[in-house]
Structure formats: C-alpha cells, structure tokens
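The values are calculated or read from the model by the stated rules, or taken from the named source; none is laboratory data. The structure presented is a predicted model; accordingly, all values stated were derived computationally and were not measured. Here the Cβ positions follow ideal geometry from the backbone for every residue, glycine too, while neighbour counts run over all protein chains shown. Just so you know, the surface numbers come from the protein's heavy atoms only, side chains and all, with ligands and any DNA or RNA stripped out. Shrake-Rupley method; radii C 1.70, N 1.55, O 1.52, S 1.80 Å.
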Amino acid sequence: MPRIITPATPEHEISEHNARMFGSPKERLDFYRREIQYETSILANRTDAYLAAQSFLVIAFVSSMGNLNQGWGEMFTLIVPAFLALLGVLSSLNAWPGIRAAYNIIDHWQLKQSHLLRSEPLMGLAYDESPLFCEAETSRAGHRKSLLFSLRTPWIFLVFWVLLGSYSVYIQLA
C-alpha cells in the first residue's frame, strides 16, 4: 500500500521505504553500471555505423574524382564529388545528435555512480579495495576522455567533407 511521507513520519519508516524503493547500494551500483554499459554499446554501435557510412562515401568520392571518360567525365567529376561531399556533411550533421545524446546519458549515469560511491562510505571502501576498479574509472574526466573519439568524429568528418568538396569544385573550375 502506498504511503505518504510527511515531516512527522518517523526516520526508521523513511529509511525502510527508501530501502524497498531503491534497493541496496550494491544493487544501485550494479544498475548504474549496467546502464553505463548499455549506453556505451549504443554509442559504439552508432559510431561504427557512422564510420562505415563515411568510409563508403570516401571510396565513392575518390572513385568519382578519378573518372577519365572523355564524353561526360568533366561534368561527372564536377557534380558527383560535390554531391557526395554534401552527403557527407549532411550525414555528419545527422549523426551528431544521436552520438551526443548517448554521451549525455552515459555522463548522467556516470555522475550518479560517482555520487553513490561518495555518499556510501562502506560501498566506496569496498569499491576502492577491489583491484579491478580505481578512482580514474569513476572520475568524470576519465570517462569523458574515453568518449572523445565518438564525440569528435562527426565534426572531423564535417570539416573533412567541406574542405574536400570545396577543393574538388575548385580544381574542376580552375
């Protein structure tokens, strides 16, 4: 039966209610770690799919720039590489929100995990004594550095496509 907790509710009832609602600190830690692992998998899958798409676009771009057909090669090498570069820019812009959202969710769960380990002294001690875990693993800077590749990749390819597309049009018109 649901209960309403008021300022007059005894402390032991509040702690019992919290224990039933949230479980033990170990259960919460396990939950946070599962969520971090799940979201990291999603981020890795999004990054992999994005990089696969970009690699096919680069191959198509290079192939189209090497067209030596005398009848329609000049027009082809002017239009198709520019179109592929535009497609690369658009795919980079479309990939960014999904990658950023996964990063923000990982950051959220990582922060909750850090707060749990700092707020539960016994959990923090048990966690620190284990040789598999260390402070760098739970620090905010540590996990952000590990995710930088996924965060930077769309912007690097965006700049790459703008420069490559501009250069392809320039060398055809110059």
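For the structure I just gave you, tell me whether LEU158 is exposed (fewer than 12 other Cβ atoms within 10 Å of the Cβ), assigned to a helix (DSSP H, G or I) and modelled with pLDDT of 95 or more.
no
Report the residue count in the range 161-174 for those that are more than 19 Å from LEU93 (Cβ to Cβ) and crowded, with 18+ Cβ neighbours inside 10 Å.
Qualifying residue count, the range 161-174: 1.
Only residues in the range 144-157 that are without any contact (Cβ under 8 Å) to a residue 60 or more places away in the chain count as the first member; pair them with residues that are not in a helix (DSSP H, G or I), Cβ under 6 angstrom, at least 6 apart or cross-chain, and list the lot.
none
Do you know which residues across the range 36-70 are open to solvent by 50 Å² or more (accessible area, probe 1.4 Å) and within 30 Å of HIS115 (Cα to Cα)?
Passing the criteria: GLN37, TYR38, THR40, SER41, ASN45, ARG46.
Being in a loop (DSSP other than H, G, I, E, B) and open to solvent by less than 90 Å² (accessible area, probe 1.4 Å) is the filter here, so list the residues in the range 71-92 that pass it.
Of everything in the range 71-92, just one residue is in a loop (DSSP other than H, G, I, E, B) and open to solvent by less than 90 Å² (accessible area, probe 1.4 Å), namely GLY71.
What are the pairs, 6+ residues apart or on separate chains, where a residue within the range 26-42 that is touching a residue at least 24 places away in the same chain (Cβ under 8 Å) has its Cβ under 7 Å from a residue that is surrounded by 14 or more Cβ atoms within 10 Å (Cβ to Cβ) and of a type in the set (D, E, K, R)?
TYR32/LYS112
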